[in-house]
Amino acid sequence: MYNTPYHNTDLSQNTFLVTGGAGFIGSNIAEYLLKYGAGKVRVLDNFSTGSHANIEEFKSNPVFELIEGDIRDLETCQKALEGIDYVSHQAALGSVPRSINDPITSNEVNVSGFLNMLVAARDAQVKSFVYAASSSTYGDHPGLPKVEDKIGNPLSPYAVTKYVNELYASVFSKTYDFHTIGLRYFNVFGPKQNPKGPYAAVIPLFIKAALQSKAPYINGDGETSRDFTFVENAVQANVKAMLAEGIAEHDVINVAFGERTTLNQLWCRITDMAGINLAPEYREERKGDVQHSLADISKASNLIGYVPTYSVLEGLGIAYNWYKEQETIKL
């Protein structure tokens with residue numbers, strides 16, 4: 001991937017920290033930075049959800065550095081930020097169901113950990129701090145497409161934590177003149193996303209089911225829709241946001257493709273790729289889930305020049321082939 005660079009500056013003179021860099025999105029960001037010659041790429045991860053396999057290929061690169069640690073520890077955050085110019089903060093506990101089952105840990109990681117990173121980054125005087133926000137912040141607001149300044153009430157503890165991140169970032173901007181950019185991700189998918197475990201996302205679960213010729217479960221009637229976003233689009237947004245100039249205050253932008261796909265449509269596309277004809281099994285809707293999601297990405301385009309380069313179908317093809325090559329997924 002990453003055949004086209006999303007920057008026009010020399011990265012070799014700059015140092016980068018990717019928190020959660022052994023996770024799905026974080027490891028893809030680290031891969032991009034290493035490919036295009038960053039001066040240093042440091043990853044901070046506690047491997048609670050990240051994987052050594054995601055970063056194994058980086059370990060022989062002399063400019064790559066791994067710190068195994070937890071953002072819930074302020075000293076660890078301070079150590080990770082020593083000598084760093086740019087921060088891509090991806091470390092978090094994702095998943096709405098996980099947060100419903102264990103709201104305390106989600107809050108400790110996503111709120112207390114985030115605050116630690118903000119304080120440490122402010123004190124280290126980094127050039128920029130970009131963080132993973134979430135489309136869950138839109139909550140019960142019915143409007144489509146989702147526009148950054150129109151949000152509703154959160155529908156899960158996870159959504160609360162991600163909204164609190166935005167509030168803290170805004171306060172830091174006003175109080176300390178420390179400006180950040182939050183990227184409201186819309187259902188990011190692609191290579192390195194874990195298909196296993198109770199909180200796996202829908203696309204890797206569907207692909208895994210198709211490769212095993214097993215019917216997947218769909219929560220609800222399958223007409224729930226999402227603005228699925230291929231991971232390289234999220235990488236582009238992170239790179240452009242980190243290197244953006246003239247950000248005079250905290251801001252948040254949608255990171256998405258700008259197209260809705262229902263779960264039924266998604267399964268049909270994946271079964272077409274797999275060459276199988278298999279109906280899904282339907283069950284009750286999950287608590288805390290938003291029915292429909294679609295992003296307006298014009299602000300991201302205007303603020304950082306974000307233009308998604310991969311459609312949902314193109315991304316699905318890349319993801320499907322990647323998972324197909326992972327022999328363990330077929331077991």
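Tabulated values for the structure
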item	result
Matching residues in segment 1-12 - criterion: being of a type in the set (Ser, Thr, Tyr) and either surrounded by 24 or more Cβ atoms within 10 Å (Cβ to Cβ) or assigned to a loop (DSSP other than H, G, I, E, B) (or both)	Tyr2, Thr4, Tyr6, Thr9
Counted residues, segment 308-330 - those being among the β-branched types (Val, Ile, Thr) and under 27 Å from Asp140 (Cα atoms)	1
Pair list, Cβ < 9 Å and 6+ apart or interchain, from segment 251-267 residues that are free of Cβ contacts under 8 Å to residues at least 24 places away in the same chain to residues that are among the acidic types (Asp, Glu)	none
Candidate set from segment 97-127 (those that are among the β-branched types (Val, Ile, Thr) and touching a Leu at 6+ places or on another chain (Cβ under 8 Å)); member that is nearest to Gly69 (Cα to Cα)	Val109
Residue under evaluation Asn238, criteria (1) among the polar types (S, T, N, Q); (2) closer than 22 Å to Lys324 by Cα; (3) touching a residue at least 12 places away in the same chain (Cβ under 8 Å), criterion not met	(2)
Any hit, segment 110-120, residues being touching a His at 6+ places or on another chain (Cβ under 9 Å), modelled with pLDDT of 95 or more, closer than 23 Å to Leu34 by Cα and surrounded by 19 or more Cβ atoms within 10 Å (Cβ to Cβ)	yes
Counted residues, segment 302-324 - those being surrounded by fewer than 15 Cβ atoms within 10 Å (Cβ to Cβ) and farther than 18 Å from Gly190 by Cβ	2
Contacts under 9 angstrom Cβ, first residue in segment 213-235 being at positive phi, partner in a loop (DSSP other than H, G, I, E, B), 6 or more apart	Ser213/Ile276; Ser213/Leu278; Gly220/Glu284; Gly220/Glu285; Gly220/Arg286; Gly220/Asp289; Gly220/Gln291; Gly222/Pro280
Residues of segment 142-196 classified as in a loop (DSSP other than H, G, I, E, B) and touching a residue at least 40 places away in the same chain (Cβ under 8 Å), total	16
Residues of segment 55-99 satisfying the condition of being more than 22 Å from Tyr32 (Cα to Cα), acidic (Asp, Glu) and more than 20 Å from the chain's Cα centre (by Cα)	Asp73, Glu75
Among the candidates Thr137, Thr180, residue that is at pLDDT 95 or above, over 30 Å from Thr261 (Cα atoms) and either in contact with a helix residue (DSSP H, G or I) (Cβ under 7 Å, 6 or more places away or on another chain) or surrounded by fewer than 24 Cβ atoms within 10 Å (Cβ to Cβ) (or both)	Thr180
Filter result (touching a strand residue (DSSP E or B) at 6+ places or on another chain (Cβ under 9 Å) and more than 20 Å from Glu166 (Cα to Cα)) within segment 269-293	Arg269, Pro280, Glu281, Tyr282, Arg283, Glu284, Glu285, Arg286, Asp289, Gln291, His292
Residue pairs meeting the criteria (Cβ under 6 Å; at least 6 apart or on separate chains; first outside any helix (DSSP H, G or I), in segment 310-321; second among the charged types (D, E, K, R))	Tyr310/Glu232
Members of segment 211-234 found to be among the aliphatic types (A, V, I, L, M) and buried (at least 24 other Cβ atoms within 10 Å of the Cβ), listed by number	Val231, Ala234
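The values are calculated or read from the model by the stated rules, or taken from the named source; none is laboratory data. For clarity, every value in this text was computed on a predicted model and none was experimentally measured. Neighbour counts are summed over all protein chains in view; Cβ atoms, including those assigned to glycine, are modelled from backbone coordinates with ideal geometry.
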